[in-house]
Amino acid sequence: MTQGPTTRAITAGVDGSPESLAAAAWAAREAALRGLPLRLVHAWLWQPLDVPVEREREAEARRARKVLDEAEAEVRRLHPDVPVTSHLVADTPVPALVEAGGSAEMLVVGARGRGALLGFLLGSYGQQVIAASARPVVAVRVPREDGAPAPGGEVVVGQQGGPEESGAVLGFAFEAAAVRGVGVRAVRAWSLPSLYTYSPGSMALADEAGGLEPFERRALADALAPWRERYPDVPVTEHVELGSGGQVLLSVASGAGLMVVGRRARQAPVGPRIGSVAHAVLHHAPSPVAVVPHG
């Protein structure tokens, strides 16, 4: 079935790989939880190596359409009440996915094992999509081989900076927890100060608060306050720990049903980078990971 794009759909990229099918299934469940439609997208662009052969082009087009049809049939089987549309996009993966996710509630892609994002996100595609997307991107792994269900449990979210900077990240985490009926574990990591870490004013405030750790706990509580008020039924656990952001988040990842991290896109000579915390969690967390652009 092919229709026009839905403004607030959850969008999943598929390419026929087990990773992308797991992403489509997760996206369908998320759509069911949120009462939203699901949009499946497959990027396919005919790029013959030599002289174009129309018969080969038609065969490739049929294969591309089959990828969508099989993914659509599977998510309809799993979640028959979720409205589903499928779209074959004539473009290469990165711009196709960024464009498709631009008007979506979130973009969902597949991730392979505890390593680089693969599937149609071969090489640096996954990082490029996450860095360029204006909407949250969720990376989903294939369920474990023993058939055990994917980890349930709380939503773990990394918080950094002030309330305005982390608002979009915390808002995503609280909404995800609310629709699942689970709690939020909000994690703030801090490090010992260097010459450039804190301003003199910040150090003075920290001294007045009794040291750096109480200062960090106060910063986390202030950032959480509006979201606690907006989602009063969501239990919240505050976790403040000395260490790097990635290490501290991964230390509590085993009980997470979903990890949520923010990102600031950084340009580098080899392309956009997503930051060390998001990079570490994407590569090593066992659960799905949502990467949310900072507000």
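The values are calculated or read from the model by the stated rules, or taken from the named source; none is laboratory data. Only a predicted model underlies this, so the values are computations on that prediction, with no experimental measurement involved. Cβ atoms come from the backbone with ideal geometry, glycine included; neighbour counts cover every protein chain shown. Heavy atoms of the whole protein, side chains included, go into the accessibility calculation; ligands, DNA and RNA do not. Shrake-Rupley method; radii C 1.70, N 1.55, O 1.52, S 1.80 Å.
Data overview
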| item | result |
| --- | --- |
| With all protein chains modelled, accessible area of S254 [1.4 Å, Å²] | 100 |
| Table column - 3J(HN,Hα) (Hz), segment 175-182, Karplus curve with 6.51, -1.76, 1.60, x for Gly and Pro | 5, 4, 5, 5, 6, 8, x, 10 |
| Contour minus Cα-Cα distance for D69 and E213 (0.36 nm per residue) | 46.5 nm |
| Formal net charge of residues neighbouring S191 (Cβ-Cβ distance under 13 Å; K, R +1; D, E -1) | -2 |
| Among 214-223, 29-38, 228-237, 132-141, the order from most to least packed when residues are scored by Cβ within 10 Å on average | 132-141, 29-38, 214-223, 228-237 |
| Extension reserve of the E56-R228 stretch, reckoned as 0.36 nm per residue once the Cα distance is removed | 56.2 nm |
| Counted charge near L33, where neighbours are those whose Cβ lies closer than 12 Å (Asp, Glu -1; Lys, Arg +1) | -1 |
